[in-house]
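Inspection log for the structure reproduced underneath, given as structure tokens.
What follows draws every value from the coordinates through simple rules; no lab data is involved. These figures come from a predicted structure and were not determined experimentally. In this analysis, Cβ positions are derived from the backbone assuming ideal geometry, glycine residues included, and neighbour counts consider all displayed protein chains.
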Amino acid sequence: MGQAGTNPPNLKEAAEFFTQASKLKPEIFYPQYSLGQIYESQGKYKEAAAAYKLATTLKVDELNGESVAGAYYNLGNVYALMNDHPQAIATYQEVIRLLPVAHQPHYNVGLSLAALDKHKEAVDAFKEAIKIKPDYWEAHYNMGIAYSKLEEYPPAVESFKKTLEHSPDNAQAHYNLGVVYFLMDDTKAFAEELKALQKAKPDMAKELAKLNGQ
């Protein structure tokens, strides 16, 4: 579901080429999908959404399920970039239907739910991503953020610890873990996270220390 790169100097020419190709062969998936990629790279999100949406309907013989899922996935990303998170979630659900073993759409559903302040539901989505990819540190991290928003601090601690288990040099996880320990009034654990940050990111350590009046 990755997005193929396009050479920036040729974007206008490529867009014209794929526009013409889609007119000549309106039933072909690839020109519409490629137009979506070009428009997305240019920040033309409405045009990108329209192209990707049309691409999802083009199911010719050569088309495989992953290509359709890729169009839905990119469409979901565009909706998220437009801050239309309800549409993004619905679109990512289509990806999950087509590719139930893919971890990214579950994760992206979680991000959109979190953007809508639906942190409990976001936790559930991040858990689904982790079931598929247990070492997915980004999901562990954002689950920790969601638990923190819910003021459920023990599971937030576990999520940030899991983040550090899979991403040992993650200074932001140390920082957020320190914040949670501060909120839990665990001075010893707070001091340990502060010490870890002082070695890795002194500037972040100074910010964390301010919580404790240091």
Looking at (1) of a type outside the set (A, V, I, L, M, F, W, C); (2) in contact with an Asp or Glu (Cβ under 6 Å, 6 or more places away or on another chain); (3) closer than 30 Å to Ala50 by Cβ, find the lone condition where His174 falls short.
(3)
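Output the residues belonging to segment 181-214 that are acidic (Asp, Glu) and more than 27 Å from the chain's Cα centre (by Cα).
Filtering segment 181-214 down to residues acidic (Asp, Glu) leaves 185-186, 192-193, 203, 207.
Asp185, Asp186, Glu192, listed by residue number.
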Counting only residues that are outside any helix (DSSP H, G or I) and of a type in the set (Gly, Ala, Ser), which one in segment 167-214 is surrounded by the most Cβ atoms within 10 Å (Cβ to Cβ)?
Ser167
What are the pairs with Cβ atoms under 8 angstrom where one residue, in segment 145-169, is within 15 Å of Leu183 (Cβ to Cβ) and the other, located anywhere, is charged (D, E, K, R) and assigned to a loop (DSSP other than H, G, I, E, B)? Sequence gap at least six, or different chains.
Lys149/Asp117
